[in-house]
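The structure under discussion appears below in the form of structure tokens.
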Amino acid sequence: MERPLTKNIHPGRPPLNLKDYEMTGGYSALRKIMAGMSPKDVQQAVQDSNLKGRGGAGFNTGMKWSFVPMDEKGGPTKYLIANADEMEPGTFKDRLLLEGNPHQLIEGMIIAAYAIQANISYIFLRWAYKAAAKCLEESIHEAYHAGYLGENILGTGYRLEMYLHTGAGRYMCGEETALLNALEGKRAMPRAKPPFPQVSGLFGKPTIVNNVETLCCIPHIINNGAEWFKSLSYSEDGGTKLYGVSGKVNKPGAWELPMGVTMRELIEEYAGGMKNGYQLKGVLPGGASTDFLTVQHLDLKMDFKSVAAAGSRLGTGTMIVMDDATCPVGFVHNLQHFFAQESCGWCTPCREGLPWVEKLLLSLEKGTGTEEDIDLLQQHTQWLGPGNTFCALAPGAMEPLQSALKYFRDDFDRHVKEKKCPYHHNHH
Ligand code: NAI
């Protein structure tokens, strides 16, 4: 089984420096494009590979790049941004790539920037990722020194600057348009789309924002070809995927596996199954802002289309397993507390609705909730749903809530009937 993104990463060991990276074939993809691939050729290879965005939305990466207006000569300033603001609860896959092999990301960024003919690039890094900040800083410096960044890259005349920008610790900054505002020095509030950043992004210029894992795939696609990339996958989406499992499993962790492995393989094989005494009750397949799946979905292939067909989303591919000793109402309350706290307050449904949802759930959990409160929660999943807000934060927050109401409705009702949390004795 091939693991192109992580085969040279050994957690616990220091990250690969420039020499280590070059010894594993690093920067050969950059040399290859500079020796004879046009920006359009690079775009085409990525489009053919069927790489879908790994930040969570699964948008076709090559198609996204193709929306950038390409002028033959002296076009407008363009930007390439690596979204490294990994803050989705339960998600820690990009951290592995950042701390393990920073040059892989940098090479992917240079190739992506070349493909859209951008001359300025940024890594927007999660504030809390201190170790990653240090190794990125050093690696960018090494890449400049080796002539992979700066003026006249590899003697071709192509120029690219790269800057590391650390966020201030808000979930909102990972939303691509809020990220752009933050980079411009404004409050991190989302912008309306359209216009999409590909046309009008940073400082109003064409901008591509790609996730870290997405960009790390690029050198491998260039080196080995689109067909090879597609052949890595068990599904129609190309490539491997960094999957993760957390919760009361024996071996929580993250693994690079063919796109489309089943949930059962992930939980039972890679995560070593549930801990003694615990049963699987629900699974959030890709971070907190995805719909619950349950035991009936264990044989589901974990690719974008299959998970969507089951009523959820692959999201970041890092699943959170909920066990049978955990109260679903308390669990969802905890998530809504996070989302309410992270709302940027720009649009009313999100700013006012999420704290209200949080209060209703808390009241149920304390045993003071009513059946009407449950109806009200159900209504909020519509009011805060897609189309009613500026960005995906509130609709994402509604996904675990609406699916908890669907699969675990009995648990909500029991809180009302018994006037207490029926799981309370299980709290450790
Ligand atoms: P989206 O589907 O609106 O956009 C995804 C990408 O495709 C964006 O770059 C967007 O510009 C582009 N795009 C979409 N439709 C387009 C169109 N018609 N024309 C041109 N470009 C288009 O999703 P969004 O709001 O960017 O991201 C939501 C996702 O983020 C969720 O799936 C969620 O799971 C994930 N997420 C990940 C986090 C993390 O830490 N990795 C944190 C929070 C959310």
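The values are calculated or read from the model by the stated rules, or taken from the named source; none is laboratory data. What you are looking at is a predicted structure, and each value in this text was computed from that prediction instead of being measured. Cβ placement follows ideal geometry from the backbone for every residue including glycine, while neighbour counts extend to all protein chains displayed. Please note that ligands, DNA and RNA were not included when accessible areas were found on the heavy atoms of the full protein model with its side chains. Shrake-Rupley method; radii C 1.70, N 1.55, O 1.52, S 1.80 Å.
Restricting segment 362-398 to residues that are part of a helix (DSSP H, G or I), of a type in the set (A, V, I, L, M) and over 17 Å from Arg414 (Cβ atoms), which is most open to solvent (accessible area, probe 1.4 Å)? My answer is Leu376. Cβ-Cβ under 6 Å, sequence separation 6+ or interchain: first residue in segment 182-195 and open to solvent by 30 Å² or more (accessible area, probe 1.4 Å), partner assigned to a loop (DSSP other than H, G, I, E, B). Which pairs? Hits for this filter: Met189/Cys344; Met189/Trp346.
So is Lys359 more than 15 Å from the ligand (Cβ to nearest atom) and either polar (S, T, N, Q) or in a loop (DSSP other than H, G, I, E, B) (or both) or not? Criteria not met by Lys359. Looking only at segment 120-140, decide whether some residue is over 27 Å from Ile222 (Cβ atoms), away from the ligand (no atom under 16 Å from the Cβ), modelled with pLDDT of 95 or more and part of a loop (DSSP other than H, G, I, E, B). No, the conditions are met nowhere in segment 120-140.
Looking only at residues of segment 281-312 that are of a type in the set (A, V, I, L, M) and under 19 Å from Leu405 (Cβ atoms), we find that the one that is most open to solvent (accessible area, probe 1.4 Å) is Val295. Picking from residues in segment 76-99 that are in a helix (DSSP H, G or I) and open to solvent by 10 Å² or more (accessible area, probe 1.4 Å), the one that is nearest to Arg3 (Cα to Cα) is Leu96. The residue that is farthest from the ligand (Cβ to nearest atom), among those in segment 306-319 that are touching a helix residue (DSSP H, G or I) at 6+ places or on another chain (Cβ under 9 Å) and of a type in the set (A, V, I, L, M), is Ala310. Restrict the check to segment 118-130 and report whether at least one residue is surrounded by fewer than 19 Cβ atoms within 10 Å (Cβ to Cβ) and free of Cβ contacts under 8 Å to residues at least 40 places away in the same chain. Yes, the conditions are met somewhere in segment 118-130.
In summary, Ile33 fulfils each of the numbered conditions (1) within 10 Å of the ligand (Cβ to nearest atom); (2) assigned to a helix (DSSP H, G or I); (3) open to solvent by less than 30 Å² (accessible area, probe 1.4 Å) with the single exception of condition (1). Here Gly157 meets the list (1) open to solvent by 10 Å² or more (accessible area, probe 1.4 Å); (2) farther than 22 Å from Lys78 by Cβ almost entirely, failing just condition (2).
Within segment 109-130, is even one residue within 30 Å of Ser306 (Cα to Cα) and not charged (D, E, K, R)? The answer is yes, given that some residue of segment 109-130 is within 30 Å of Ser306 (Cα to Cα) and not charged (D, E, K, R).
Across segment 180-193, the number of residues qualifying as near the ligand (Cβ under 10 Å from one of its atoms) and at pLDDT 95 or above comes to 1.
Across segment 161-171, the qualifying residues are those that are under 19 Å from Pro102 (Cα atoms) and either loosely packed, with under 11 Cβ neighbours inside 10 Å or out of contact with any Ser or Thr (no Cβ under 6 Å at 6 or more places or on another chain) (or both), and the one among them that is modelled with the lowest pLDDT is Gly167.
Residues that are surrounded by fewer than 21 Cβ atoms within 10 Å (Cβ to Cβ), touching a residue at least 40 places away in the same chain (Cβ under 8 Å) and not in a strand (DSSP E or B) within segment 238-259 comprise just one, Lys248. Taken over segment 23-42, the criterion of being closer than 14 Å to Glu107 by Cα and touching a helix residue (DSSP H, G or I) at 6+ places or on another chain (Cβ under 8 Å) is satisfied by Gly25, Gly26, Tyr27, Ser28, Ala29, Leu30, Arg31, Lys32, Ile33, Met34, Val42.
Exactly one residue out of Ser49, Ser28 is open to solvent by 20 Å² or more (accessible area, probe 1.4 Å) and not assigned by TED's automatic domain parsing to the domain that holds Ala254: that is Ser28.
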